[in-house]
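**Student:** Pasting a structure here, questions to come.
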Amino acid sequence: MTNFHCIICHDSASPTEVIDHIKGDASGTLTAVRCRACGHIQLNPPEYSLDFYEENGQVNNVLRMYGTPMNVLVEHSWIEARRRVQRFAQHGIALRRDDRPLRVLDIGGGYGFFGAELMRAVPGIDVTVVEPSSSRVEMGKGYLKDAGDGTPVPEFLVEIVDEDFAARHAGAFDIVTLWHVLEHLTDPVDLLRNTARLIREDGVICVEVPNVDDDLQALSPSFRERSFMAEHISYFSRHTLENVARRAGDFRHVGVHGYQRYGIFNYFHWIHFNKPQGANPDLFEGTDRWWLETTWRAAREAAVTSDALFMIMKR
Ligand SMILES: [Zn+2]
């Protein structure tokens with residue numbers, strides 16, 4: 001095994017192997033391993049290519065591997081953006097202030113769909129998207145334009161969030177969001193540390209990542225195999241995600257909750273056929289089986305065996 005170094009606790013004792021085949025690994029050398037000291041699961045070696053994102057590599061992989069057409073990806077992205085906006089009310093996080101408009105920063109915000117939905121939901125809110133890939137930002141501006149007249153466009157910054165960025169924007173934001181960003185980075189603690197500097201004294205950081213404790217991993221071998229991919233360096237559980245937050249600073253509150261993204265038909269499809277549902281996986285946007293979907297989601301989220309984790313951090 002390649003020399004191991006835990007990206008969270010920096011331990012270098014020989015880790016345990018989790019899986020030896022990583023989807024999209026051109027080199028054939030990547031494995032996923034669990035740190036013996038802190039329990040964190042990560043790729044070994046932990047590689048990160050900014051070029052990959054500049055070339056929109058992750059989206060291209062989805063198009064190629066699942067045959068999902070771009071229009072479906074865009075449609076799903078809008079659904080997810082609306083649900084992300086709703087999340088704040090579900091967790092009692094205010095999106096309005098009496099004295100001035102709220103300032104929100106979406107880190108790694110890609111095409112800007114979440115930012116646009118937030119602006120649509122809360123008129124007057126000040127939303128900035130910071131995204132390292134200039135090509136994604138350009139594509140995003142195109143999608144927002146295509147979405148029709150009156151679709152708000154957030155302010156885009158093509159930058160990475162490092163110490164310099166944190167110094168320039170220290171204490172500038174009420175809410176900072178990281179939707180499916182942390183799992184892509186070689187130093188998630190460092191990013192959260194810089195993110196903590198960006199929020200005001202009463203600010204909030206919201207993080208969503210895939211959940212390695214999704215029970216589908218045990219129920220569908222094919223799902224498990226596809227859960228480990230070259231783009232995802234970290235595979236968080238409730239415990240290890242909380243650990244990352246604790247290492248990033250002294251927070252008054254850190255809460256990790258289960259969150260279910262995909263619908264029950266997608267879940268049953270994986271279990272029954274042991275393969276992906278295809279080009280248009282179920283996210284559940286209907287009203288016909290709300291009672292089933294609601295009960296099922298609540299149970300998964302309470303047990304934290306859902307497909308995602310949602311973390312709230314307060315200074
Ligand atoms: Zn570790």
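The values are calculated or read from the model by the stated rules, or taken from the named source; none is laboratory data. This is a predicted model, so every value here is computed, not measured. Methodologically, a virtual Cβ is constructed for each residue, glycine included, from the backbone with ideal geometry; neighbour enumeration extends over all protein chains shown.
**Student:** Restricting attention to the range 115-124, does a residue exist that is more than 15 Å from Trp78 (Cβ to Cβ) and crowded, with 16+ Cβ neighbours inside 10 Å?
**Tutor:** Yes, the conditions are met somewhere in the range 115-124.
**Student:** Please go through (1) outside any loop (DSSP other than H, G, I, E, B); (2) in contact with an Asp or Glu (Cβ under 8 Å, 6 or more places away or on another chain); (3) free of Cβ contacts under 8 Å to residues at least 24 places away in the same chain for Phe284 and return the number of the only condition it doesn't satisfy.
**Tutor:** Phe284 satisfies every listed condition except (1).
**Student:** Mind checking which residues of the range 86-114 are surrounded by fewer than 17 Cβ atoms within 10 Å (Cβ to Cβ) and in contact with a helix residue (DSSP H, G or I) (Cβ under 6 Å, 6 or more places away or on another chain)?
**Tutor:** Leu95, the sole residue that qualifies.
**Student:** For the range 225-251, how many residues are within 18 Å of the chain's Cα centre (by Cα) and assigned to a helix (DSSP H, G or I)?
**Tutor:** 11
**Student:** Related question: Looking at (1) in a helix (DSSP H, G or I); (2) buried (at least 17 other Cβ atoms within 10 Å of the Cβ), which is the one condition that is false for Val254?
**Tutor:** (1)
**Student:** To continue, here is another question. Restricting the range 12-32 to residues that are within 16 Å of the ligand (Cβ to nearest atom) and exposed (fewer than 15 other Cβ atoms within 10 Å of the Cβ), which is nearest to Glu225 (Cα to Cα)?
**Tutor:** Going through the qualifying residues, I end up with Glu17.
**Student:** Within the range 206-229, identify whether any single residue is within 30 Å of Phe173 (Cβ to Cβ), of a type in the set (Asp, Glu) and out of contact with any helix residue (DSSP H, G or I) (no Cβ under 8 Å at 6 or more places or on another chain), and answer yes or no. Full working, then the answer.
**Tutor:** Initial filter on the range 206-229 (within 30 Å of Phe173 (Cβ to Cβ)): 206-212.
After this cut, where a residue has to be of a type in the set (Asp, Glu) as well, the list is 208.
Subsequent filtering for residues that are out of contact with any helix residue (DSSP H, G or I) (no Cβ under 8 Å at 6 or more places or on another chain) retains none.
Within the range 206-229 (the criterion being within 30 Å of Phe173 (Cβ to Cβ), of a type in the set (Asp, Glu) and out of contact with any helix residue (DSSP H, G or I) (no Cβ under 8 Å at 6 or more places or on another chain)), the answer is no, since none of the residues qualifies.
**Student:** Identify, by number, the condition in (1) modelled with pLDDT of 95 or more; (2) in contact with a Gly (Cβ under 7 Å, 6 or more places away or on another chain); (3) buried (at least 17 other Cβ atoms within 10 Å of the Cβ); (4) at negative phi that Gln260 doesn't meet.
**Tutor:** Every condition holds for Gln260 apart from (2).
**Student:** Just one of Arg96, Arg64, Arg120, Arg82 is without any contact (Cβ under 8 Å) to a residue 40 or more places away in the chain and assigned to a loop (DSSP other than H, G, I, E, B); which is it?
**Tutor:** Arg96
**Student:** Before we move on, is Phe173 hydrophobic (A, V, I, L, M, F, W, C), buried (at least 19 other Cβ atoms within 10 Å of the Cβ) and within 22 Å of His91 (Cβ to Cβ)?
**Tutor:** yes
**Student:** When you go through Arg300, Arg289 one by one, which is the residue that is modelled with pLDDT of 95 or more and out of contact with any His (no Cβ under 6 Å at 6 or more places or on another chain)?
**Tutor:** Arg300
**Student:** For the range 33-47, which residues satisfy the criterion of being modelled with pLDDT of 95 or more and either more than 13 Å from the ligand (Cβ to nearest atom) or in a loop (DSSP other than H, G, I, E, B) (or both)?
**Tutor:** Cys35, Arg36, Ala37, Cys38, Gly39, His40, Leu43
**Student:** Continuing with this model, one more query. Do we have any residue at all in the range 299-312 that's of a type in the set (Phe, Trp, Tyr), touching a residue at least 12 places away in the same chain (Cβ under 8 Å) and not in a strand (DSSP E or B)?
**Tutor:** The answer is no, given that none of the residues of the range 299-312 is of a type in the set (Phe, Trp, Tyr), touching a residue at least 12 places away in the same chain (Cβ under 8 Å) and not in a strand (DSSP E or B).
**Student:** For the range 48-101, enumerate the residues that are over 21 Å from Val176 (Cβ atoms), at pLDDT 90 or above and not acidic (Asp, Glu).
**Tutor:** Val74, His76, Trp78, Ile79
**Student:** Quick check: anything in the range 164-184 out of contact with any strand residue (DSSP E or B) (no Cβ under 9 Å at 6 or more places or on another chain) and free of Cβ contacts under 8 Å to residues at least 12 places away in the same chain?
**Tutor:** Within the range 164-184, one or more residues are out of contact with any strand residue (DSSP E or B) (no Cβ under 9 Å at 6 or more places or on another chain) and free of Cβ contacts under 8 Å to residues at least 12 places away in the same chain.
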